[in-house]
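Below is one structure, written out as C-alpha cells, with a few remarks after it.
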Amino acid sequence: MKDEAEQTFWHDENLPYIEARSACNSYACYEKHTHPTLSIGVVEEGISKYHHQRFSKTIGSGSIVIINPEEVHSCNPKPNEHWAYKMFNIDPCWLAELQGEMTEGVEKYAPFSVVHSDDKFLYESIRSLYHFLLARNEVIEKEIRLIQFFSTFLHRFGGAEFKISDSNGNKKLQLARDYIADNCTSKLSIDQISKASDLSGYYLIRAFKRKYGLTPHAFQLDQRVNLSKMMLKSGMNLAETAFAAGFSDHSHFHLCFKKRVAATPRQYQEQVSGKAY
C-alpha cells in the first residue's frame, strides 16, 4: 500500500499575487495543462518526466522548472515511484511591474526563454523563499524577500538590469525613512511606504539599503527597539512594552531587542532603573 502523500497549499490575502504549494511522497500525475500564472518549481526527491511545449526531459532532485503563462506542460514521477516538489504561481501583472521598474521600455510581461535549470543557488533560494513565506514573518518582510528574490531571478533569467536612478533623489528616500519612523509600531507594507514616498517597491528596497545600510523593515525594527527602551526606562512592564512598540508577541520583542542591545529587555530595564519589574 502506498504511503499517503503530504500536500500543502499556501496563500496570503496580503500578498495576492503569489501562491505556493508543496508535495511530499506524491504519486500524483498531471495531464498536459496550462494556467494563467508564471510557475516556478523545484524537484526535491524522485525522478520525473518534464514536458514543456515541444521540450521533454527527465529531471530529478535539484532541478528547476520555469513555465510562462498559458504554456502547455506536465511534470510527473516515474510509474509507481513517488516524488517531492515545491511550486510558486506568480501573477504575471505583478512581475511585469517589477520588470518595468528594472528595465526601461518594458511595459508588459516579458516571457522567459529558459524553461529548465540546474542552478544550485537558485534551487536553494526557491526552497528558502518557500519556508520564509510559510513562517510567521511580517508581511513587509515577505514583500522585501519576494522583491529581492524576483529581482535576482529576472536579472539571471530575464535579462533585466539592476538599475538605481538617482533621478528620484534623496528627498524621497528621506520621506520613506520618516514615514517608517513615524509609523514604526504599525504593520507597514512596502506598498504603503512606496505610496508615501512616491517610489517604486524595487527602487525603495535597493536604494534605501544602499543609503541607510538597512532594509526598510530592519530600520522599522530599530525604531521599535529604540521606542521600547524609552518605555522600559519609564517603568512600563515588558508585556505592555512589547505590545505598545508594535511587536507581534513577547518572544519576537525579546529576540529583536537582544540582537540590537546585547541584553534582554528585562536586563536592560533592571540596569537603567535599578529596579526589578
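The values are calculated or read from the model by the stated rules, or taken from the named source; none is laboratory data. No experiment lies behind these values; they were computed from the predicted model shown. With ideal geometry, Cβ positions are generated from the backbone for all residues, glycine too; neighbour counts draw on all protein chains shown.
Observations on the model:
- Whenever a residue of segment 159-185 is on the phi > 0 side of the Ramachandran plot, its partners that are among the aliphatic types (A, V, I, L, M) and at pLDDT below 95, lying with C-beta atoms within less than 9 angstrom and at least six residues away or across chains, give the pairs Gly159/Ala110.
- Counting the residues of segment 7-47 that are assigned to a loop (DSSP other than H, G, I, E, B), surrounded by fewer than 14 Cβ atoms within 10 Å (Cβ to Cβ) and of a type outside the set (D, E, K, R) gives 8.
- Search result, residues across segment 1-36 that are modelled with pLDDT of 95 or more and of a type in the set (Val, Ile, Thr): Ile18
- Test: residue in segment 197-204 that is in contact (Cβ under 8 Å) with a residue 24 or more places away in the chain, on the phi > 0 side of the Ramachandran plot and among the charged types (D, E, K, R): yes
- Taking residues in segment 218-242 that are closer than 23 Å to Ala176 by Cα, and partners anywhere that are surrounded by fewer than 17 Cβ atoms within 10 Å (Cβ to Cβ) and of a type in the set (S, T, N, Q), the pairs with Cβ atoms closer than 8 Å and at least 6 places apart or on different chains are Arg224/Thr185; Leu227/Thr185.
- Picking from residues in segment 178-209 that are among the hydroxyl-bearing types (Ser, Thr, Tyr) and over 15 Å from Glu138 (Cα atoms), the one that is nearest to the chain's Cα centre (by Cα) is Tyr202.
- Residue match in segment 250-265 (condition: in a loop (DSSP other than H, G, I, E, B), on the phi < 0 side of the Ramachandran plot, under 26 Å from the mean Cα position of the chain (by Cα) and not β-branched (Val, Ile, Thr)): no
- Pick from segment 178-192, criterion assigned to a helix (DSSP H, G or I) and buried (at least 21 other Cβ atoms within 10 Å of the Cβ), ranking: modelled with the lowest pLDDT: Ile190
- Residues in segment 60-109 that are among the β-branched types (Val, Ile, Thr) and more than 26 Å from Gly46 (Cβ to Cβ) were compared, and the one that is modelled with the lowest pLDDT is Val106.
- For segment 57-70, the set of residues classified as surrounded by fewer than 17 Cβ atoms within 10 Å (Cβ to Cβ) and more than 20 Å from Asp119 (Cβ to Cβ) consists of Glu70 only.
For every residue, the table says whether it meets (1) touching an Asp or Glu at 6+ places or on another chain (Cβ under 6 Å); (2) farther than 13 Å from Ile144 by Cβ; (3) part of a helix (DSSP H, G or I).
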position	(1), (2), (3)
Ser194	no, no, yes
His217	yes, no, yes
Leu221	no, no, yes
Met231	no, yes, yes
Ala239	no, yes, yes
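- Any chance Phe132 is touching a Lys or Arg at 6+ places or on another chain (Cβ under 7 Å) and either closer than 21 Å to His52 by Cβ or assigned by TED's automatic domain parsing to the domain that holds Lys49 (or both): yes
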